[in-house]
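A short write-up of the structure that comes next.
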Amino acid sequence: RLADWISFPLMDPARIDARLDAVGEIKGERDRLYALRGLFKPIPDMERIIGRISANRASPRDICALCSGLEQAPALRDLLKGAGSTLVCDIYDNLDPLDDISGCIRRTIVPDPPVRVSDGNVIRDHVDNELDELRSIKRDSREWIAAMEARQRELTGINTLKIGYNRVFGYYIEVSKVNAAKVPQTYIQKQSLANAERFITPELKEYEARILGAQDVILKIEQRIFNELRGFIVEGFERLHRMIEALSRLDVICCLCIVAMDNAYSRPEVSTDRGLEIKNGRHPVVEKVLGPGLFVSNHLGFDADRDTIHMITGPNMAGKSTYMRQVALICIMAQMGSFVPADKARIGVVDRIFTRIGALDNLSAGQSTFLVEMSETACILNNATAQSLVILDEIGRGTSTHDGMSLAWAVAEYLDKRHVRTFFATHYHELSDLARRHQGIKNFHMSVEDSGTDIVFLRVLKRGATGKSYGIHVAKLAGIPEDVVHNAGSILSRISKKAGSVPKAFSSGPIQTGLFDQRGYDFGYDDIINEIKEIDIENMRPIDALNRLSAIKDRINGDQGH
């Protein structure tokens, strides 16, 4: 059930709130919560068991385990009396103990049965008269043989007469050769030995047949009774399913309560808009790995009306991926009905979560790493809606710099145009220029403390872009030889002096360029800059300012035309 809730989060805020109400109610009463958890310990995976029963593959132990689970229902119901939340009340109503089924199982199956019916001793005594009689025959065989041996000694007067058994001849009466003359004519000789003769009688052979055949008949009777019990359980499957559904939901709710208490999770607020607001959000898995108090929490404010993309830059290992994934995990947890790792969270319902993370190839299908990356991106662009959540952890890294940057730029603009909620981590710092051109795109970065020779990752998300990835510093941390690191630094300095921040292709076209952007033009702006500096804004009327701006614009357009 837990896997089902995680795999299929809800999209209806009312149903989500119903789950959250249930978690909040049970979480608020610690004694009742731990009492419920204690009652769940003897309950097996009942859904799996009834699946085995329906497929006629259930063992006697499965049936007894089912009974143990059903017998916990009355105690569970007692603990849920007076529940306030709708979901807990519904669970209470459906916790049917099914006394008829559990009672039948207890009356039929022994308390600790063997694994298979064919092993025998599965059915209790006094369930079937014929079974009891056959068991009595088998159980009392030694006494019967001893009694017959005593009668035959008295009848024949042979005090050394004895009854034995071997696998070849079965039961026999053995008489020494000295006493062979005293043997009655009703004895049938079976075997001669050096010092004795062995005989059988019709009575002995009949009893032998009954004893040897009893086990086979016992197994057939036990199998018949077991099948009848299975059929009786199958008739109650509809009631069983409702009971097991209620048990599984209660179990998951208790699980979520324990997790929320142990990790200081808070109840999220779920709405139908596109907004996302998280205060001191944490990654639930990384936090557990690091230990208490070591994870650096971060805030998130995604405006429902204005924001489309949060463009996140920053060094490798600074926490960009962790931050984006924790946002997605918090959304999943909230919509499955769980409390979340944050001080406060307001989640606009997400219809689907799309991710483009990491590098993976599929060479057997003829797909390179970059082709797989583009296929995943294509899936996102073709299917994401304004209500979706998209996590893009690097786009275009598998091809040339300008190709990759062009694709990343175009993908961001496409998602922005369709108002898709997107978190976009990139080392293409040039993409931060998109925030100037599109109102929905906001720049953020993972901050670091740079001493010039070493860096410290602060793991804190801040507003604004950063222009460095510190890849060489990370390479040094990874153990790259010092000569390589030093040479890489020199090469980076030379490349940085030659390269522009944004490829030339991005400066042309319909995009509104900056007023002082000189890329692509072969004339200067010194006169215009000086003219603007001399403008007395304090004493200028608004209409005069607009006229002056229009005149400057005409000059720029006229110069560009030349």
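Backbone amide hydrogens, once placed in the peptide plane, bring F354 within less than 5 Å of L389, V390, I391, excluding anything fewer than 5 places away on its chain. Diffusion of the range 344-383 by Stokes-Einstein, at 37 °C in a medium of 0.692 mPa s and with Rh set to the Kirkwood radius over alpha-carbon pairs, works out to 274 µm²/s. Note on the chain: dipole from Cβ charges, positive end direction compared against V168, T401, A260; the farthest Cα belongs to V168.
Rolling a 1.4 Å probe over the protein heavy atoms leaves H402 with an accessible area of roughly 120 Å². Computed over the chain, the Cα gyration tensor eigenvalues convert (square root of 5λ each) into semi-axes of 85, 30, 20 Å, ordered from largest to smallest. Only beta bridges with both residues in the chain are counted; by DSSP, about 60 percent of them are antiparallel. Each of E130, E149 has its accessible area taken with a 1.4 Å probe; listed largest first, they run E130, E149. Each Lys and Arg adds +1 at its Cβ and each Asp and Glu adds -1 at its Cβ; summed about the Cα centre, the chain shows a dipole of about 1380 debye. Note on the range 277-416: with charges restricted to the Cβ of Lys and Arg (+1) and Asp and Glu (-1), its dipole about the Cα centre is near 500 debye. Counting only lysines at least 8 places from K288 when in the same chain, those with an alpha carbon closer than 23 Å to its own are K27, K279, K320, K344.
The Cα-based radius of gyration and maximum Cα-Cα distance (Dmax) for the range 229-342 are 19.6, 66 Å.
Dipole orientation for the chain: of the candidates C89, I101, L10, I101 has the Cα lying most toward the positive pole (charges on Cβ; Lys, Arg +1; Asp, Glu -1).
By DSSP, the beta bridges lying fully in the range 339-430 are antiparallel in about 10 percent of cases. Averaging the Cα positions of each part gives two centres, and for the range 537-558 and the range 245-268 these lie 63 Å apart. Solvent exposure of the chain, expressed per residue, is 54 Å² of accessible area, with all protein chains present and a 1.4 angstrom probe.
Computed about its Cα centre, the charge dipole of the range 12-70 is approximately 340 debye, with only Lys, Arg, Asp and Glu carrying charge at their Cβ. When C67, C89 are compared by accessible area of protein heavy atoms, the largest-first order is C89, C67, using a 1.4 Å probe. With Cα atoms defining each centre, the range 339-407 and the range 72-150 are spaced 55 Å apart in the structure.
Working from Cα pairs under 8 Å separated by at least six residues, relative contact order for the chain is 13 percent.
In the chain, the portion of solvent-accessible area held by carbon and sulfur atoms comes to 51 percent [1.4 Å probe, whole percent, DNA, RNA and ligands not counted]. Here the sum of -39500 (n - 2.57) over DSSP H runs of 4 or more residues, divided by the residues of the chain, equals -16000 deg cm²/dmol at 222 nm, to the nearest 500. Of all aspartates and glutamates in the structure, the ones whose alpha carbon falls short of 19 Å from that of K553, not counting any fewer than 8 places away in one chain, are D517, D522, D526, D527, E531, E534, D536, D544. Rounded to whole Å, the principal axis extents of the Cα atoms in the range 111-209 read 54, 25, 19, largest first. Taken as Cα centroids, the range 279-316 and the range 1-49 sit 27 Å apart, rounded to the nearest whole angstrom.
Set against the 2.2 N^0.38 Å expectation for a compact globular protein, the range 237-299 has a Cα radius of gyration ratio of 1.58. Ordering Q72, A475, V485 by the projection of their Cα atoms onto the charge dipole of the chain, which places +1 on the Cβ of Lys and Arg and -1 on the Cβ of Asp and Glu, puts Q72 at the extreme positive end.
Which lysines have a Cα less than 25 Å from the Cα of K177, not counting those fewer than 8 places away in the same chain? By straight Cα distance, K177 reaches K162, K190, K205. L477 contributes about 110 Å² of solvent-accessible surface, heavy atoms of the protein only, 1.4 Å probe.
The values are calculated or read from the model by the stated rules, or taken from the named source; none is laboratory data. Nothing here was measured: the structure is a model prediction, and the numbers come from that model. Methodologically, a virtual Cβ is constructed for each residue, glycine included, from the backbone with ideal geometry; neighbour enumeration extends over all protein chains shown. Areas reflect the complete protein model, heavy atoms only, side chains present, ligands, DNA and RNA absent. Shrake-Rupley method; radii C 1.70, N 1.55, O 1.52, S 1.80 Å.
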